[in-house]
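**Student:** Sending over a structure as structure tokens; questions will come in a sec.
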Amino acid sequence: MTATGGDQRLFPAATTWRTPLVIIVCGCAIGLLSFGPRSSLGFFIQPMSREFAWGRDVFGLALAVQNLLWGLGQPVAGAIADRFGVLRVMFGSKPEHSEVDEVMERAISAMKQAGAVLIDIDAPELGADQLIAQNDVQKYEFKAVMDRYLATIPNAPAKTVDAIYAGGRYNHPTLEGFLKSAVSFKDGLSEADYQVRLDRDAKTRTLLEKVMDDNHLDAVVYPLQKRLVVPVTELNQADRNGILASVTGFPAITVPAGFSAPTKTAPLGVPVGMDILGKPWSEAKLLSLAYSFEQATHFRRSPESAPPLPSEK
């Protein structure tokens, strides 16, 4: 788990000063420098009024404009202090991954231009393929969880997963394999492998938090899906990366990262999502980061088939 690539030079410098004491001292200095002149402004109103013939309305307007511009600049200015880790193991390396990779690189470049610090993170243990193979517990939990849910619905056409599977009233090409696996366990929660996977999940949480702490990261970013979303006629969405947030329980938010090149079937291009994942209980920070990214990039495009939002009219 190391910081790699061209941004590695940013990391050593950050570790030497990003301490609570330095941050508190800097915050106090900023407060003194900004609040002092603002509080003493009243002493200078009369001399400036006599010199330039300015009234209170002029000073009031100036302060209002100042506060308005400061508020408008907050999303971009706030990104200057944010540090992101680019989780490279979540990127694809095959030809079908190239379009998403290109969109993600443009998004990363835009974040750097907005003032954010991004470093490449080498953590192969956090790869989606490995987590799906070794950590995923859905097949063990699905039957018990769904049976409890179905029992709460008085008029449910089926009361158990076994009944759903036996009735065969589901889309076989997409669900047959998973349902067959789920019903094969009499009590999946008692399976030895289920407990082993839960232990792996706990170790994965510890590892992910250590990666973020060691690199002083506010969040990590990676593509929502390694390839472009497949057409609705396909059987499943391949190469998705949501498993990391799933097995760790860490909060994540998806933002529009851009579009692939336009085609005949997708005249606007295909939208690509970027996940921003943070530590536990960092939802407020993630919403702030997502808003800052959205305001700095404006990558979202309105669909041609939908009416504009009120703010877009």
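The values are calculated or read from the model by the stated rules, or taken from the named source; none is laboratory data. All of these numbers come straight from a predicted model, not from anything done at the bench. Positions of Cβ are generated from backbone atoms using ideal geometry, with glycine treated the same way; all protein chains shown enter the neighbour counts.
**Student:** For the subset of segment 153-172 comprising residues that are loosely packed, with under 15 Cβ neighbours inside 10 Å and among the aliphatic types (A, V, I, L, M), which member is nearest to Leu235 (Cα to Cα)?
**Tutor:** Step by step, filter segment 153-172, then rank; the result is Ala166.
**Student:** Looking at Leu150, Leu175, Leu228, which is the one that is within 30 Å of Arg83 (Cα to Cα) and either among the hydrophobic types (A, V, I, L, M, F, W, C) or loosely packed, with under 11 Cβ neighbours inside 10 Å (or both)?
**Tutor:** From the options Leu150, Leu175, Leu228, the qualifying one is Leu228.
**Student:** What number of residues within segment 87-118 are in a helix (DSSP H, G or I) and touching a Leu at 6+ places or on another chain (Cβ under 7 Å)?
**Tutor:** Of the residues in segment 87-118, 6 are in a helix (DSSP H, G or I) and touching a Leu at 6+ places or on another chain (Cβ under 7 Å).
**Student:** Considering segment 268-302 alone, what residues qualify as being part of a helix (DSSP H, G or I) and either β-branched (Val, Ile, Thr) or without any contact (Cβ under 8 Å) to a residue 12 or more places away in the chain (or both)?
**Tutor:** Residues satisfying the conditions are Ala284, Thr297.
Residues are listed down the side, and each one gets a yes or a no for (1) modelled with pLDDT under 85; (2) loosely packed, with under 11 Cβ neighbours inside 10 Å:
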residue: Arg50; (1), (2): yes, yes
residue: Leu68; (1), (2): yes, yes
residue: Gly71; (1), (2): yes, yes
residue: Pro95; (1), (2): no, yes
residue: Ala116; (1), (2): no, no
residue: Asp120; (1), (2): no, no
residue: Gln130; (1), (2): no, no
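**Student:** Within segment 209-216, is even one residue surrounded by 14 or more Cβ atoms within 10 Å (Cβ to Cβ) and touching a Leu at 6+ places or on another chain (Cβ under 6 Å)?
**Tutor:** no
**Student:** Here's another thing I want to ask about it. Report whether or not Ile121 is touching a strand residue (DSSP E or B) at 6+ places or on another chain (Cβ under 9 Å) and not in a helix (DSSP H, G or I).
**Tutor:** yes
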